[in-house]
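S.K.: This is the structure I want to talk about, given as structure tokens.
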């Protein structure tokens, strides 16, 4: 059975090489983007963790910041570790590229750049992979295809479901600074009435 | 009007002159080789005409002679084109008038 | 030789041959020139048939149309497209035409005027056997020398056309330059080619 | 959706690129997106010097439906049909991977009968997909569709079984969160028995016909070679990784749905060339039949679906579940924020990541080798572009 | 005299369909009586051409149906059975469809050279038929340089293919044309050498002469020179661009090779000529190596051209069989096979033919005794040559067998891989290698 590698043990290895680069936040290993490369290199090269197989590389738009998620796997020791790198700057998110360590990161990083707009410094051929160069915006960002009034499209609630667990609770969505390529709402924006009509 | 030896000789001469003109006036090395081929063919035609209308004992030797000419012509084209290739590879051009290295 | 069929054949083949040859002078594109050459070669093969030299006619088709014209097309393909125009050399065009005219007049006058003492016996039959035997019996020495010449031409052509090492390096370097996008590499000062020219080594070494 | 310069290149005479400038220039040939052997709308821009491939660059995105964006606005159950269309040649494996991830999020226990049924259909899907992969591979080597039709004969029988149980041959949409949609129809098991009875001598035919074929050896052996270290570093998975000699199979390393109590083996190649991948796929089909035999013998009865509310809402968290699909390690990374729809839905596409090493495999070989290598990696464009 | 022959004499020569030549002689004599003499020669030429077209035209249509049905039988499917009874009208439907299709031409194509090939490719296709003898006196032109004529005409087809490929301004077409030209030129050499052994042995270059020699010596050449037969078969299938050497129109690599840009009836012409060439080449293989219209005396009874058609059908089935089942070879493998295997082998057999010929003529061995011995010797030599080639000329990767091992218990990364590789016992699955 593939065991999940203990995040604190991984943190000690990383801190041994790059002091202060790693911290564990409720069981998940977070690495500092600035020293990401040498911390991942330490995890890969140390015999004890032996995380040589880059399983999965993707990103999540947590609305206030981006999270680049790495899953590293050791084939011989049969354990897997999830690493996250948090990028707070939404205007120009950038993370050092792991193509130096893992050749498998080439295409996955290009996909994340294409769909999220996160630049990977040091990637030899960072171009959009699925969409064409002139495509406006980055599709998988939460503010892409944003409805006016900052309310995210999708499933506010279900007709037969009771009112109290309607989701998301109106006004609960944190206000974010308007993104330049957001569709500009006409006239003044009143969040309050929007929510009455929809529920 | 019987088709005699003279008809073939005139035809051969005309063909030879056309080939000669092409060989002299074409800029491209392959064009010159085409001219040379035409000249050789003209000569072959006249030889075969002599073989047909000439005396019988000469008939066979002229045909053997033509076989040799065709063989030599094939070898000559092969070497000529190989030369053109080498000239092209070093001078990036095979137009005859620009490859004037031998000039003093 | 006087019946109508023979006349028709001779004149049409003559027109085909001379027409093809003159189109070579006029045509703009070199590939068209080669194709007109092929047409005139076929015309000449037909003329050989009218002279009942059928072995030579078939050999002519086999060697000229089958091999030499394809060889020329290959040569044209290997050289750049810019060189493909079949243009005349204007400044030497004039004097060349003069010389050719002179040659034509003299040869035609000789052809028509002299009495060739043409005699019209029956044509040779079964040339293939006769030529074969004479090549082996009577003309054995030229036959052997011809063989040596053909081999020498073969080896010479290959040696010339083959890329040896530094040429390959230049070629590989220009390819790499092409891929990297800068200008084409100056063939002279290629000190050590960026790509180790190991691909053509196998050929050079063998 | 090609860019301006692509359409311009296509419109302007492609022969121009051949002969401008001096020296013999590299020829840029576009294999695809409309090409008989790129297995779908996949485009490979190949730079050739004569017949030798100098550079192979992929242009993908022609089938990009941005499923990951769409999935964020549908509930967990509504997303299941999406997974069929990601890898339309192995829909069952996709469904299984997604349901495992969702169950991990929701913390649902799957009844044993459902687990056995899931294993059965995952292995049936592997047999069908490998039949398709090997058939098209030999077709790329030039055999005139004959082996392909033989292998399609077996694939048809598997697709008929799918149609029997869930009504669809290709996009099955059969698995639900917590189990499977319907119970097995009673005529399925006899058909499966006869299928398992016939397959061994069919496979003996293929081995006799195809393995000894000298031309197939000449075309596929020593072509598209990759070393085990390079394979692991470029995160290849599935038959492509096992052909290099690395014995890594998720069904053994991280058994899911009860694979630990079936006895089967993992075939491993030696040189890591196209022919080894073909051999590994052939051997894997035999192993799958062994598993199917055991599943049919030990099929438990009982509920086939745990009771899960239609719009189940997992509490905030994330899950990454992986399945050994016919093409490699197929993973689903789901992030939930408490809502009925996944906050983030990411699918790890084995076809796309296996293509990372395509350039290394095909540079240096001829154009024909590049086509054969692409065929041996067995890509599905739906999974590449998602 | 068999009763059939008596029947022929009684009813007059033209009833005797065993030799269609009688018919033609009858007609020309009738014309010679009243018309000018040149008219007779033209009429015989026209009759010969009409005879050929009468044979080629319908057989082409039937062949398209036969090929598709036979290949579909290989592939576990029915093949065309919708149009007409058992799909017989399918070729007609295809032809009509192709005629109605629009004739496209690429914008930057070289117009003159783009439109010529579909017409010109028919010339060698039909010219070759002139030399094929259907019966003792039944061949359009019994040239005494027949074999050379066959090679010359099939040589010109290469030029037409190049014109088609180059002029359609399409990279796939150019690749196809260059491959077709390179391959047909290099496969002409083994073809010439294979036919040289026959010409040397039978002493004549006329195709009919070769058949008569086989009739006279009561032996068919495939027994005497099996390797020449194999070499000629493979060189001819390479010349025709058929699998396993159909790289010039390899649809999996270069879409449709030299006729990618041709559509409508132009593509139809290419397709028809390809089938016509296959038919005439299998006819020549039957004539050279299987004895053509002669079959140990049977040709007294059965019309000779029927025997030839049956043998051609057998060879044609062999060509369909290889097309249906074998994968395609790469261009460099084809070239190395031609120059490193076929040419030396056929050269060896030319020497053997010369030696045996001198033994027969100058030593004056009795052919009835000598020929069987030579046949056995040649067959043994062929098998030896093939074994030697199979042993020696295997490329490096093919020497080691391809092996599959079962990982068993050690699942993991590189360490587990080394363990699996270092195992002693026999691998579970092994194929290939010597």
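No value in this document is a laboratory result; all are computed from the given coordinates. Since we're looking at a predicted model, the values are computed, not measured. Glycine also receives a Cβ, built like all others from the backbone with ideal geometry; neighbour counts cover every protein chain displayed.
S.K.: Could you pull out which residues in region B:19-43 have an amide N less than 18 Å from a spot 7 Å beyond the Cα of residue C:85, following the Cα-Cβ vector?
M.R.: Within reach of a label on residue C:85: B:25-32.
S.K.: What does the C-alpha gyration tensor say about the overall shape of chain E? Classify as rounded when a/c is under 1.5, otherwise prolate if a/b is larger than b/c, or oblate. Don't jump to the answer; show the numbers that get you there.
M.R.: Numbers: a/c = 2.01, a/b = 1.34, b/c = 1.51.
Oblate shape, in that a/c is at least 1.5 and b/c is the bigger or equal ratio.
S.K.: Share of antiparallel DSSP beta bridges in the protein assembly as shown, in percent to the nearest 5? Write down the numbers at each step before the final one.
M.R.: Values: 59 of 67 bridges.
Percentage antiparallel, nearest 5: 90.
S.K.: For residue E:189 paired with residue A:2, estimate the spin-label separation in nm (one decimal), with each label point 7 Å from Cα along the Cα-to-Cβ line.
M.R.: 5.6 nm
S.K.: Starting from the Cα of residue D:306, move 7 Å in the Cα-to-Cβ direction to define the label point; list residues of region D:60-84 whose amide nitrogen is under 19 Å from there.
M.R.: Flagged as within label range: D:76-80.
S.K.: Enter the angle in degrees (range 0 to 90, nearest 10) between the Cα long axis of helix D:367-377 and the first principal axis of the Cα atoms of chain D, meaning the one along which they spread out most.
M.R.: Orientation of helix D:367-377: about 10 degrees from the principal axis.
S.K.: Next question, about the same structure. Helix-only estimate, please: 222 nm mean residue ellipticity of chain D, summing -39500 (n - 2.57) across DSSP H runs of length 4 or more and dividing by its residues, to the nearest 500. Spell out each step's value before the answer.
M.R.: On the way: 17 runs with 183 residues, N = 386.
Using -39500 (n - 2.57) per qualifying helix, the result is -14500 deg cm²/dmol.
S.K.: Would you please put E:295-302, E:135-142 in order of how densely packed they are, using the mean number of other Cβ atoms within 10 angstrom per residue and starting with the highest?
M.R.: Working: E:295-302: 13.4, E:135-142: 18.8.
So the order, starting with the most tightly packed, is E:135-142, E:295-302.
S.K.: Sort region D:218-336 into rounded, prolate or oblate with this rule: let a ≥ b ≥ c be the square roots of the eigenvalues of the Cα gyration tensor; rounded if a/c is under 1.5, and if a/c is not under 1.5, prolate when a/b is larger than b/c, oblate otherwise.
M.R.: Since a/c reaches 1.5 but b/c is at least a/b, the shape of region D:218-336 is classed as oblate.
S.K.: Same structure again: So how far apart, in nm, are the two label points at residue C:9 and residue B:56 if each is 7 Å from Cα heading toward Cβ?
M.R.: 2.2 nm
S.K.: Same structure again: What's the extension gain from residue E:142 to residue E:96 if we count 0.36 nm per residue and subtract their Cα-Cα distance?
M.R.: Details: separation 46, 0.36 × 46 = 16.56 nm, distance 3.66 nm.
12.9 nm is the gain from fully extending residue E:142 to residue E:96.
S.K.: Using alpha carbons only, how many degrees (0 to 90, rounded to 10) separate the axis of helix D:188-206 from the longest principal axis of chain D?
M.R.: So the helix axis and the longest Cα principal axis differ by about 30 degrees.
S.K.: As a check on your grasp of the helix formula, calculate [θ] at 222 nm for chain B: sum -39500 (n - 2.57) over DSSP H runs of n ≥ 4, divide by the residue count, round to the nearest 500. Before the final figure, lay out each step's value.
M.R.: Numbers: 3 runs with 82 residues, N = 104.
When only DSSP H runs of four or more count, the value is -28000 deg cm²/dmol.
S.K.: Shifting gears a bit: Quick one: check the C-alpha center-to-center distance for region E:140-197 versus region E:35-80, whole angstrom.
M.R.: Result: 22 Å between the Cα centres.
S.K.: I would also like to ask the following. If I take R0 = 56 Å and measure r between the Cβ atoms of residue E:81 and residue C:109 in this structure, what FRET efficiency does the formula 1/(1 + (r/R0)^6) give, to the nearest 0.05? Intermediate results must be reported in sequence, preceding the final value.
M.R.: Values: r = 75 Å, r/R0 = 1.33.
Efficiency computed from Cβ-Cβ geometry: 0.15.
S.K.: OK, next. Note down the nm distance, to one decimal, between modelled labels 7 Å out along Cα→Cβ at residue E:213 and at residue C:74.
M.R.: Each label point lies 7 Å from its Cα, and together they span 3.1 nm.
S.K.: Also, I was wondering about something else. Among E:194-204, B:80-90, E:156-166, how do they line up from the highest to the lowest mean number of other beta-carbon atoms within 10 Å?
M.R.: Values: E:194-204: 21.7, B:80-90: 20.1, E:156-166: 24.7.
Top to bottom by mean Cβ count within 10 Å: E:156-166, E:194-204, B:80-90.
S.K.: Order E:170-182, D:356-368 from most to least packed using the mean count of other Cβ atoms within 10 Å.
M.R.: Details: E:170-182: 24.2, D:356-368: 20.5.
Most protected by this proxy first, the peptides run E:170-182, D:356-368.
S.K.: Still on this structure, please answer the following. Please report E:331, E:306 as a ranked list, fewest other C-beta atoms within 10 angstrom at the top and most at the bottom.
M.R.: Ascending Cβ contact count within 10 Å gives the list E:306, E:331.
S.K.: Hey, another quick one. Given the C-alpha centroids of region A:58-80 and region B:21-83, what is the distance between them in whole angstrom?
M.R.: 77 Å
S.K.: Rounded if a/c is under 1.5, else prolate if a/b beats b/c, else oblate: with a ≥ b ≥ c from the C-alpha gyration tensor eigenvalues square-rooted, which is chain D?
M.R.: On the way: a/c = 2.10, a/b = 1.40, b/c = 1.50.
Oblate shape, in that a/c is at least 1.5 and b/c is the bigger or equal ratio.
S.K.: Residues of C:96-105, mean number of Cβ from any other protein chain within 10 Å of their own Cβ, rounded to a whole number? All intermediate terms of the calculation are to be shown ahead of the outcome.
M.R.: Details: counts 6, 3, 0, 4, 10, 2, 1, 5, 7, 2.
Whole-number average of other-chain Cβ neighbours for C:96-105 is 4.
S.K.: What average count of beta carbons from other chains do you get within 10 Å of the Cβ of residues in C:46-57?
M.R.: Working: counts 0, 10, 8, 0, 5, 10, 3, 10, 5, 8, 11, 5.
Going residue by residue through C:46-57 and averaging, the value is 6.
S.K.: Note the angle between two axes, namely the Cα long axis of helix D:146-166 and the longest principal axis of the Cα atoms of chain D, as a number of degrees from 0 to 90, rounded to the nearest 10.
M.R.: Once rounded, the angle reads 30 degrees.
S.K.: Right, here's the next one. Between D:68, D:284, D:212, which gets the highest mean-square fluctuation from a Gaussian network model of chain D, Cα cutoff 10 Å?
M.R.: Taking springs between Cα atoms under 10 Å, the residue moving most is D:212.
S.K.: Per-residue Cβ counts within 10 Å, from other chains only, averaged over E:97-108: what number is that?
M.R.: Values: counts 0, 0, 0, 0, 0, 0, 0, 0, 0, 3, 2, 5.
Taking all residues of E:97-108 together, the mean is 1.
S.K.: Further question: What does the helix-only formula give at 222 nm for chain E: each DSSP H stretch with n ≥ 4 adding -39500 (n - 2.57), the total divided by the residues, and the result rounded to the nearest 500 deg cm²/dmol?
M.R.: Mean residue ellipticity, 222 nm, calculated: -21500 deg cm²/dmol.
S.K.: Got a sec? How would D:35, D:145 order by Cβ neighbour count within 10 Å, fewest to most? Kindly include the intermediate steps, with their values, before the conclusion.
M.R.: Details: D:35 21, D:145 17.
Fewest to most other Cβ atoms nearby, the residues stand as D:145, D:35.
S.K.: FRET efficiency for residue C:159 and residue C:27, Cβ-Cβ distance as r, R0 = 35 Å, nearest 0.05? Walk me through the numbers on the way to the answer.
M.R.: Working: r = 33 Å, r/R0 = 0.95.
It comes out at approximately 0.60.
S.K.: If each residue of separation counts as 0.36 nm, what is the full-extension length gain between residue D:168 and residue D:52 once their alpha-carbon separation is subtracted? Working shown, then result.
M.R.: Details: separation 116, 0.36 × 116 = 41.76 nm, distance 4.39 nm.
That pair, residue D:168 and residue D:52, stretches by 37.4 nm at full extension.
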